[in-house]
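The values are calculated or read from the model by the stated rules, or taken from the named source; none is laboratory data. This structure is a prediction, so every number in the text was calculated from the model and none was measured. Neighbour counts run over all protein chains shown; Cβ positions are idealised from the backbone, glycine included. Surface accessibility is based on the protein's heavy atoms, side chains included, excluding ligands, DNA and RNA. Shrake-Rupley method; radii C 1.70, N 1.55, O 1.52, S 1.80 Å.
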Amino acid sequence: MTDAKTPEPRKMKSIGKALVLFYACLALIWVVAIGPASAQDPVEVENDPPDLGIPKTSLINSSLAADPELAQALRKWAETLVAGDHQISVEHSGKILERQAFTGSKNMIPAADLAIAIGKKSLDIFDFEGALMAGQLATQVAPDYPAGFFFLGQVRFAMDNKDINNIFPYYVNGVKATFLNKLELASFVSDFIKFLFISISVSFFIVFLTLLAVHYKSFFSELVSFIPGGSDDKFKPIIGILALLVPLALGGVFLFIAVLSIVLWPYVRKNEKGIIILFVLLALVAPLAFKQMAKFTILRADSAYRALYLLSTESWDYESKAVIEQAVAQNPKNELFLFAIGNLNKMAKNTDAAVAAYDEMLKINPNNVKVIVNKANTIFQDEILKSKDKKEQNYDESVKIYEQATAADPTSVEAFYNLSVAYDSMLQSKKSTAAYESALRLNQQKTKDIAKAAIGSERPEKRVVDFLVSPADLSRYEKSISGRVDELAKGLWGSYFGILSLDIYKKISIAYLVFFILIALFWERGRIPHQTCGSCGAAFHPPMRLEMANPKCNQCVAAQSSKTVVTSVKKDLKKKEIREHKDQVSAYAGLLDRALPGLGRIYTNSPASGMFYTTITSLFLVFGASVIYFDLISGSMAPAVVARSNAPGLGVMAVYWLSMNTAFYKEH
């Protein structure tokens, strides 16, 4: 007969199979119902074009309205696309690209944002061709902007969610663009740190509760042993639960987790101690995580940093132009912003304004070779653009300034290479060759790379190489906002921990570390704690410190040994108890892992893999909770729309849950 307190393994396994079936049904609903919901038959577009849905953001209004020709081309493109005149919209998209080439900007992010907004409007009315054209335009006007690639992936998924070969590459390109674009990377890292911190905190919470479920008998027995005179077994759970509720009532969940890490230390097995050590390290580095979160939050919202970064990628818009002009007006001696406004005006073909900015910098530092070279490039570019007749082009002034650059810095490859190009444009081949050979002597590979890039460019003014806003310039700007980062870190910390300030927490975390070390030394060097038998699950107090990874009580050792004098009846009873405990652990582990993948491995003494999978599970839980709260509850979006917009994440989540359940079922 099975003890009434022991769950029947068959019943537990049937519950586990029911959970697997439940998850399979959810995945089936997602694949069959939600996925094709976005791929219904197209509906006819009305003759009168509906509202274009152009985002009314200050960025787009100021950037696009400041360029009337670009704004007009975009407007006509949007109107014809929404009206279904796709052939005419192609002609207008060509005009948009021509205007982009004239502005000299590699990425026109406001135009890409507008194209994506129009594409979403087309997607909502199942005009897949229009949505595809909008996405393609977004990637053309902003090739370094990941949003366009992600939108194209979304469109391809809506058209045919089974065509992975056409869907996957767009998401791969979007991910690549995200990691190569510092602005998008800052946004991603800020959100990722936030999600990861919450997920790891959740995973530690549920893992510690699982470890407590494994070792609660040892903890309760040890706690009662501290009471003079001992206590009846029936009061052990009451005393233990009350002891655990005190930190929860005084300090909330985080204090409860901290206390659990200390409480569990003497009872967990050797391989489980690593999880507790990881938690201690997390408690120490948590302030650093919040500082990084604050840093990337500021960078993605800082308009000046955005402007500087765009210029570092040879891109600009009228929003960034206004920001830099304001920065220069507030601090006329700031070399970084003077250099930036000079480069921006050079790209925008505002020769006089660019030269004026460079001259202001040269008053501060007359030998700044970067400024001298870019000033010469500006004049060189102006000569090319103002007349296509080479006889009317005069490069004497450019050559003179390039020679000043080579004198200011005889090690500048860029100065000698550009001087070579200028002489070549003047048909002075000997001087051109001499300057080019000087560049080769300085750095042969760099010179060849510059020449290759110049030859590959279709724009004649790109024959010379510019000095851009460099990564070092961006790093210096990042250091200049360190004070703002510290303030925001404190604010973010307060939003999570309330009255417990960041400065106080740093002191508490050091005290916690010291206290944890003392407690660990007490149990490792002093008192011998109760242990949980690895065979029957009972709590026992060994007479000496056990060094084995999976300790066993004396009764289990005797029952499993042929050399003991224990009667066969007692051995059989103990062996039966061991088998029942093994079945119970297997059943509970299966149920835990089907509900929350990873916990079953924690329960069966596989802490490394268990912690890893539990953290991934927690990430999915936090993702799901954010979708439900921000999209369904706060955003009041329709469930089908939410499912379609989060389709990749929900799909990966469903596949992960099913595969993990299947894997654990096969292992156990």
The range 593-623: number of residues that are under 16 Å from the mean Cα position of the chain (by Cα) and surrounded by fewer than 23 Cβ atoms within 10 Å (Cβ to Cβ): 6
Pairs with Cβ under 6 Å, 6+ apart, first in the range 431-446 and at pLDDT below 95 and part of a helix (DSSP H, G or I), second small (Gly, Ala, Ser) and open to solvent by less than 60 Å² (accessible area, probe 1.4 Å): 432/420; 435/420; 436/420
Qualifying residue in the range 396-411 (condition: open to solvent by 40 Å² or more (accessible area, probe 1.4 Å) and on the phi > 0 side of the Ramachandran plot): no
Within the range 499-518, considering residues that are open to solvent by less than 40 Å² (accessible area, probe 1.4 Å) and touching a Pro at 6+ places or on another chain (Cβ under 9 Å), the one nearest to residue 217 (Cα to Cα): 509
Out of 356, 307, sole residue that is surrounded by fewer than 17 Cβ atoms within 10 Å (Cβ to Cβ), out of contact with any Phe, Trp or Tyr (no Cβ under 6 Å at 6 or more places or on another chain) and not β-branched (Val, Ile, Thr): 356
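Restricting attention to the range 219-240, does a residue exist that is in contact with a strand residue (DSSP E or B) (Cβ under 6 Å, 6 or more places away or on another chain) and either charged (D, E, K, R) or modelled with pLDDT of 75 or more (or both)?
The answer is yes; a qualifying residue exists.
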Test set (1) touching a residue at least 24 places away in the same chain (Cβ under 8 Å); (2) open to solvent by less than 20 Å² (accessible area, probe 1.4 Å); (3) assigned to a helix (DSSP H, G or I) - residue 523 fails condition number: (2)
The range 361-375: number of residues that are open to solvent by 40 Å² or more (accessible area, probe 1.4 Å) and either in a loop (DSSP other than H, G, I, E, B) or in contact with a strand residue (DSSP E or B) (Cβ under 6 Å, 6 or more places away or on another chain) (or both): 3
Any hit, the range 388-405, residues being in a helix (DSSP H, G or I), more than 40 Å from the chain's Cα centre (by Cα) and farther than 20 Å from residue 464 by Cα: no
When residues of the range 76-106 are limited to those that are of a type in the set (Gly, Ala, Ser) and assigned to a loop (DSSP other than H, G, I, E, B), the one farthest from residue 118 (Cα to Cα): 104
Test for residue 126: is it at positive phi and either in contact (Cβ under 8 Å) with a residue 12 or more places away in the chain or within 24 Å of the chain's Cα centre (by Cα) (or both): yes
Flag if residue 627 is more than 24 Å from residue 275 (Cα to Cα), open to solvent by less than 50 Å² (accessible area, probe 1.4 Å) and part of a helix (DSSP H, G or I): yes
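Would you pick out the residues in the range 427-437 that are among the hydrophobic types (A, V, I, L, M, F, W, C), surrounded by fewer than 17 Cβ atoms within 10 Å (Cβ to Cβ) and under 15 Å from residue 400 (Cβ atoms)?
Result: no residue meets the conditions.
Scan the range 136-147 and tell me whether some residue there is charged (D, E, K, R) and touching a residue at least 60 places away in the same chain (Cβ under 8 Å).
Yes; the residues of the range 136-147 include at least one that is charged (D, E, K, R) and touching a residue at least 60 places away in the same chain (Cβ under 8 Å).
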Qualifying position, being closer than 27 Å to residue 585 by Cα, open to solvent by 80 Å² or more (accessible area, probe 1.4 Å) and in a helix (DSSP H, G or I), among 570, 479: 570
The lone exception for residue 314 - which of (1) assigned to a helix (DSSP H, G or I); (2) open to solvent by 30 Å² or more (accessible area, probe 1.4 Å) it fails: (1)
Odd one out for residue 152, checked against (1) open to solvent by less than 30 Å² (accessible area, probe 1.4 Å); (2) in contact (Cβ under 8 Å) with a residue 24 or more places away in the chain: (2)
The listed residue being open to solvent by less than 50 Å² (accessible area, probe 1.4 Å), part of a loop (DSSP other than H, G, I, E, B) and of a type in the set (Lys, Arg), out of 333, 349, 321: 349
Selection within the range 65-115 - open to solvent by 10 Å² or more (accessible area, probe 1.4 Å), under 14 Å from residue 143 (Cα atoms) and of a type in the set (Gly, Ala, Ser): 101
Subset of the range 419-454 (residues that are among the β-branched types (Val, Ile, Thr) and within 19 Å of residue 378 (Cβ to Cβ)): 421, 450
Residue in the range 551-561 that is surrounded by fewer than 16 Cβ atoms within 10 Å (Cβ to Cβ) and farther than 27 Å from residue 223 by Cα present: yes
